[in-house]
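K.L.:
Starting off with a structure, shown below.
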Amino acid sequence: MDRHASARRLGMAVAAKADEIAGRYVFSQLDGRGRLLGEFAGELAWMLLDYYRQDALFGDTAADAFAVDVGDAVNTPETLAAGELHATLALRVSPAAEMVVVEIARTAITETL
């Protein structure tokens, strides 16, 4: 079995949900205060937080497991002037257990475990 298959499936699921969220912002008015950018980033973060809560994303905290960037480097004045809204998602996918090992030790009934 391909050990990276679950990571690819998760990537496809995240991409599909992100596209669904992005589709709701088509024709939205871009404001100069960044409110729309914040809402967009928030929706994407909530979507990723759901995956984190399911342990599909790896990290001690959600901030360790994923990041959403809609900042100035991603949404430049040029992209905003062109009517484009961009987001960059970074995530750490939880690895799958490839092998599970159980060790059993037998002891006499007179011995301590």
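K.L.:
Extending each Cα 7 Å along its Cβ direction at Ala105 and Ala13, get the distance between those two points in nm, one decimal.
P.N.:
Simple spin-label model gives 3.8 nm for this pair.
K.L.:
Sorting check: for 41-53, 99-111, 6-18, 23-35, which peptide has the highest mean count of neighbouring beta carbons within 10 Å, and how do the rest follow?
P.N.:
Numbers: 41-53: 16.8, 99-111: 5.0, 6-18: 14.0, 23-35: 10.1.
The densest-packed peptide leads the list: 41-53, 6-18, 23-35, 99-111.
K.L.:
Helix 5-23 versus the longest principal axis of the chain: what angle, 0 to 90°, nearest 10, using Cα atoms?
P.N.:
Tilt of helix 5-23: around 30 degrees.
K.L.:
In nm, give the distance between the simple-model label positions of Asp31 and Ala67, each being 7 Å from the Cα along the Cα-to-Cβ direction.
P.N.:
Distance between label points: 2.7 nm.
K.L.:
Just to confirm the number: angle between the C-alpha axis of helix 35-53 and the first principal axis of the chain, 0 to 90 degrees, nearest 10?
P.N.:
Value to nearest ten degrees: 10.
K.L.:
Quick one: accessible area per residue over the chain, 1.4 Å probe, rounded to a whole number of Å²?
P.N.:
Result: 76 Å² of accessible area for each residue.
K.L.:
If you don't mind, another one. Expressed as a whole percentage, what fraction of the accessible surface of the chain belongs to carbon and sulfur atoms when a 1.4 Å probe is rolled over the protein heavy atoms?
P.N.:
56 percent
The values are calculated or read from the model by the stated rules, or taken from the named source; none is laboratory data. Since the model is a prediction, treat every value here as computed from it, not as a measurement. We place every Cβ from the backbone using ideal geometry, glycine too, and count neighbours over all the protein chains shown. When the accessible area is computed, the model is the full protein with side chains, heavy atoms only, and any ligands, DNA or RNA have been set aside. Shrake-Rupley method; radii C 1.70, N 1.55, O 1.52, S 1.80 Å.
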